[in-house]
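A.B. asks: First, the structure itself, so that you have it in front of you.
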Amino acid sequence: MTTTTDRTRPRILDRLTDPLAERARDRFERAEDKVRAAVQHELDAVGASLRTRAVRIRPSAIAFAAAALLTVLAIALFTTAAVVAVAQVLPLWLSALLVGIALVALATGVAAWGRAQLPTGNPVIPVPPSTHPAEELVHPWVD
């Protein structure tokens, strides 16, 4: 003898809830697609903007990097010249030691000045309002 519990019986409310669940599922999927499209659009816009800026400032960045490298080499040469100049009066090792101490003292002074220039307390930097063209896609679930 077979029992009726093996078969699933349709419930009365399934006729009402299934269409509602299907519509809700469709709306969630559409909202998800719109959010995904908005995020992808935003990422594409930011990427394009960064690529455009990078191409535009590349020559300046290369020039500043070359200037920084030349400045480091010049400072090393000036330091060597200072050691050689002091070596005319003192032994070479002592002149190198004195110039090194002077450079460390100068670096300490610059670091102390930089620390004194830091703002006190917890500075709050205001965030400017967004003026991005993707602003219209902020609420993607609204048709």
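Where a number appears in this text, it was derived from the coordinates with a stated rule and is not lab data. What you see is a predicted model, and the numbers here were worked out from it, not measured in a lab. No Cβ is skipped: glycine too gets one built from the backbone with ideal geometry, and neighbour counts run over all protein chains shown.
A.B. asks: If R0 is 41 Å, what FRET efficiency do you get for PHE64 and GLU29 from their C-beta distance, rounded to 0.05? Intermediate values should be presented prior to the final figure.
C.D. replies: Values: r = 49 Å, r/R0 = 1.21.
Using R0 = 41 Å, I get an efficiency of 0.25.
A.B. asks: Based on the Cα gyration tensor of region 21-101, what are the three equivalent ellipsoid semi-axes, each the root of five times an eigenvalue, rounded to whole Å and given largest first?
C.D. replies: Its equivalent ellipsoid spans semi-axes of 64, 17, 4 Å.
A.B. asks: Ok, one more. Quick check: pseudo-label points 7 Å beyond the Cα along Cα→Cβ at LEU94 and SER49, how many nm apart are they?
C.D. replies: About 6.2 nm, to one decimal.
A.B. asks: Return the FRET efficiency for the residue pair ILE57, ALA102: r is the Cβ-Cβ distance, R0 is 35 Å, and the value is rounded to the nearest 0.05. Display every interim value, and only then the final one.
C.D. replies: Working: r = 37 Å, r/R0 = 1.06.
Between ILE57 and ALA102 the formula returns 0.40.
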